[in-house]
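Written below as structure tokens is the structure these notes are about.
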Amino acid sequence: METDDLLTARGLTVPATAIEWSFARAGGAGGQNVNKVATKATLTVQRREIRGRTLLLERIERNLPAVITVTSQESRSQWRNRRLCLDRLAVLIDEAAAPPPTMRRPSRPSKGAVQRRLDAKKRDSQRKSERRRPDRD
């Protein structure tokens, strides 16, 4: 039996019963179709309805609002806009559940690098001092 629940790449689940849809007329291209068909799709989900591992749910709670809303009106088809909303919701949830990036450990320049920098400064200084006019007494 196939389910209509939304499964994300990180293993989180949004039950189909938790997803609320609303539709409206979309602007943009579409000819007369724009004036008579409600193709703009808006998906709304309560954050507490998302199911998955506790650690991932804690990250989602920190990073997403209590009510998650996703909208799409790019396509002329209501079905396609619904699919785009579901795809965006999955990406949004997965990004919120992602672990924080590892911090960069600061490093020090090597002795050779410091010496090369100082040698270059001396060369540049010498070159510029040779450009100056000698002081006239």
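We did not get these values from a lab; they are worked out from the coordinates using the rules stated. Predicted model only: the values in this text are computed from it and were never measured. Glycine also receives a Cβ, built like all others from the backbone with ideal geometry; neighbour counts cover every protein chain displayed.
So the values come out like this:
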{"item": "Of Asn33, Gly11, Thr44, farthest towards positive along the dipole that unit charges on Lys, Arg, Asp, Glu beta carbons give the chain", "result": "Gly11"}
{"item": "Label-point separation, Leu55 to Trp21 (7 Å along Cα→Cβ), nm", "result": "3.6 nm"}
{"item": "Proximal aspartates and glutamates relative to Lys111, as straight alpha-carbon distance under 17 Å, when same-chain residues fewer than 8 apart are discounted", "result": "Asp119"}
{"item": "In nm, spacing of pseudo-spin labels at Asp94 and Ser110 (7 Å Cα→C-beta vector)", "result": "3.9 nm"}
{"item": "Spin-label pair Gln32/Thr44, simplified geometry with 7 Å Cα→Cβ offset, distance in nm", "result": "3.4 nm"}
{"item": "Cα-centred dipole magnitude for the stretch 6-97, charges only on beta-carbon of K, R (+1) and D, E (-1), debye, nearest 20", "result": "220 debye"}
{"item": "Candidate values [x] 94, 46, 26; [y] 49, 45, 27; [z] 54, 49, 23, label of the one derived for Cα extents along the principal axes in Å", "result": "[x]"}
{"item": "GluC sites (Glu not before Pro), loop per DSSP, at most 15 other Cβ atoms within 10 Å - longest free stretch of the chain", "result": "3-73"}
{"item": "Highest average packing first - 97-104, 37-44, Cβ atoms within 10 Å", "result": "37-44, 97-104"}
